[in-house]
Amino acid sequence: RARIHPDIDDILVSQEEIAAKIAELAARVDADYAGREILLVGVLKGAVMVMADLSRALSVPITMDFMAVSSYGSTTSSSGVVRILKDLDRSIEGRDVLVVEDIIDSGLTLSWLLKNLRSRGPASLEVLALFRKPEAITVDVDLRYVGFDIPSAFVVGYGLDYAEHYRTLPFVGTLTPEAIARRA
Ligand code: PRP
Ligand code: MN
Ligand code: MG
């Protein structure tokens, strides 16, 4: 089998599958928000690819803002303790806010973020995540739009990184053990 990238073992979700899913999610969002304007809030850095593609697939008017958060603890799993590295530029009071995430893993980042954003008085607050891992189901976060449920393997691509690398791969795949060991 030809390798598409030397560090990738398997492709879990292809570029074509991602594009089709983004189009499908955008159609649902368009229908749900008809006649309204959405403030898309992207969570840096993983969400940049979803933000770029989803925002261009939407027909309803949107504006964008970004937050950067960091969870203390290990690099491969989050602790739930979150620190704001970059806050939103503007108030979200009275706005229809849609948080855009690449992946919900433990769900801890998102549950902290939703609590934080809810306290700012948005008119509505929903979440779109392209990927979700099974563990996230155990955390009580309400995901309005989910693209794919994927296994708990260590995955990279389409925004997802390993030690800040591989975000620009157009697909989502698993790393080879060698690639993991190299940056461990
Ligand atoms: C990743 C991912 C989500 C979060 C999910 O971000 O992009 O934002 O972890 O994890 P959780 O559900 O267990 O909280 P990360 O903190 O790696 O930052 P990044 O987006 O800059 O890669
Ligand atoms: Mn992230
Ligand atoms: Mg990351």
*Considering amide H positions built from the backbone, and no H for Pro or chain starts, which residues 5 or more places from Ser106, or on another chain, come under 5 Å of its amide H?*
Ser78
_Angstrom value of the Kirkwood radius, inverse mean 1/r, which spans all Cα pairs in the stretch 16-150_ = 15.0 Å
*asked:* Quick check on the exposure proxy: order Ser124, Ser59 from fewest to most C-beta atoms within 10 angstrom.
replied: Ser59, Ser124
*asked:* Give the residue list of chymotrypsin sites (Phe, Trp or Tyr not before Pro) in the stretch 80-184 that are DSSP loop and have at most 15 other beta-carbon atoms within 10 angstrom.
replied: Phe154
*Write down the percent of antiparallel bridges among all DSSP beta bridges whose residues are both part of the stretch 16-150, to the nearest 5.*
15 percent
*For the chain, calculate the relative contact order in percent as a whole number, restricting contacts to Cα pairs under 8 Å that are 6 or more residues apart.*
24 percent
_Given Cα positions, please report Rg to Rh for the stretch 85-125, the hydrodynamic radius being the Kirkwood one._
0.97
*Mind sorting Met49, Met67 by how few other Cβ atoms lie within 10 Å of their own Cβ, fewest first?*
Met67, Met49
*asked:* With just the Cα atoms defining each centre, how far is the stretch 90-120 from the stretch 1-46? Give it in Å.
replied: 18 Å
_Per-residue ³J(HN,Hα) for the stretch 55-61, Karplus 6.51 cos²θ - 1.76 cosθ + 1.60, θ = phi - 60°, Hz, x for Gly and Pro_ = 4, 7, 8, 7, 9, 5, x
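A short reminder: the numbers here are calculations on the coordinates, not readings from a lab. Fair warning: this is a prediction, and the values are worked out from it, not measured in the lab. Cβ sites come from the backbone with ideal geometry, for glycine too, and all protein chains shown count toward neighbours.
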